[in-house]
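> This is the structure I have questions about; it appears just below.
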Ligand code: SF4
């Protein structure tokens, strides 16, 4: 590690796990710095959740933003190619770089909310002065412990959990189809904005869409919405039939996302 005062930083994503970790660490590391990397494409529920967490911590969460070159700038740089799981420039420029700039060169311990019942690695900073630690893993805390921490402190789950499994940008390409339907129904104006990013290259006919095989305009048609809801309902019923709970379904969906800096 490089020279300098050791800092302790916990990056809050707007998701339940980093929220629970902030609560868990509050009295263990009083000098903790709490940060949130704001892409300026976040859901209103995320800001509302951050305010709740801040009130409990009794400490401000420092909001980190890009250097003036936001999503639209980078979309242009990348020739209109929307970010995707194999081309996640959004995470790099809107989440990781602002975090690394804030961290600077001093040695830092970065607290990450991966739980003991998870076996995943994520896309987190690889700067040599940043050492990641995993208190939930070290202390054996699982999903139900996180639920309990959030319930006991009155913070609860983020508001978007009624219709979406994870935090992050309103147009995040990791969303399931049912979550796009949720966006359409809960934030129609954001759905329209997301749809506005989709384009067809007139020269080649190539489509730039958030989902693999359909545009948001197609997805929003009443018959598609009904079909997506029916398919999701059947999946949920099957999962209940096998003894899984709805939160297990959501949990499975979360674990398919490798974007820890956005969603933990
Ligand atoms: S939440 Fe999704 S769209 Fe936003 S920066 Fe992360 S991966 Fe990209």
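To keep it simple, each residue is scored yes or no on (1) in a helix (DSSP H, G or I); (2) at pLDDT below 95; (3) touching a helix residue (DSSP H, G or I) at 6+ places or on another chain (Cβ under 8 Å).
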| residue | (1), (2), (3) |
| --- | --- |
| 166 | no, yes, yes |
| 181 | yes, no, yes |
| 190 | yes, no, yes |
| 203 | no, yes, no |
| 224 | yes, no, yes |
| 227 | yes, no, no |
| 243 | no, yes, no |
| 261 | yes, yes, yes |
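> Any residue at all in the stretch 134-149 that is within 16 Å of the ligand (Cβ to nearest atom) and either more than 22 Å from residue 50 (Cα to Cα) or in contact with a helix residue (DSSP H, G or I) (Cβ under 9 Å, 6 or more places away or on another chain) (or both)?
no
Quick grid of which residues meet (1) in the same structural domain as residue 39 (by TED's automatic domain parsing); (2) within 19 Å of residue 38 (Cβ to Cβ); (3) away from the ligand (no atom under 12 Å from the Cβ):
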| site | (1), (2), (3) |
| --- | --- |
| 154 | yes, no, yes |
| 157 | yes, no, yes |
| 166 | no, yes, no |
| 172 | no, yes, no |
| 185 | no, no, yes |
| 188 | no, no, yes |
| 194 | no, yes, no |
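> So residue 87 passes all but one of these: (1) under 22 Å from residue 198 (Cβ atoms); (2) at pLDDT 95 or above. Which condition number does it fail?
All conditions are met except number (2).
> Oh, and also: On the given criteria, is residue 56 assigned by TED's automatic domain parsing to the domain that holds residue 21 and in contact (Cβ under 8 Å) with a residue 12 or more places away in the chain? Break it down stepwise before answering.
On the way: assigned by TED's automatic domain parsing to the domain that holds residue 21: yes; in contact (Cβ under 8 Å) with a residue 12 or more places away in the chain: yes.
So residue 56 passes the test.
> Among the residues of the stretch 112-166, write down those that are touching a strand residue (DSSP E or B) at 6+ places or on another chain (Cβ under 8 Å) and within 30 Å of residue 190 (Cβ to Cβ).
Across the stretch 112-166, the qualifying residues are 112, 124, 125.
> Among 177, 199, which is the only one that is farther than 21 Å from residue 17 by Cβ, away from the ligand (no atom under 15 Å from the Cβ) and touching a residue at least 60 places away in the same chain (Cβ under 8 Å)?
Numbers: 177 fails: touching a residue at least 60 places away in the same chain (Cβ under 8 Å).
That would be 199, the only listed residue that is farther than 21 Å from residue 17 by Cβ, away from the ligand (no atom under 15 Å from the Cβ) and touching a residue at least 60 places away in the same chain (Cβ under 8 Å).
> Across the stretch 64-99, what is the total count of residues that are within 15 Å of the ligand (Cβ to nearest atom) and touching a residue at least 12 places away in the same chain (Cβ under 8 Å)?
24
The values are calculated or read from the model by the stated rules, or taken from the named source; none is laboratory data. Predicted, not measured: the structure shown is a model, and the values here were computed from it. Note that we place each Cβ from the backbone using ideal geometry, even for glycine, and neighbour counts take in every protein chain shown.
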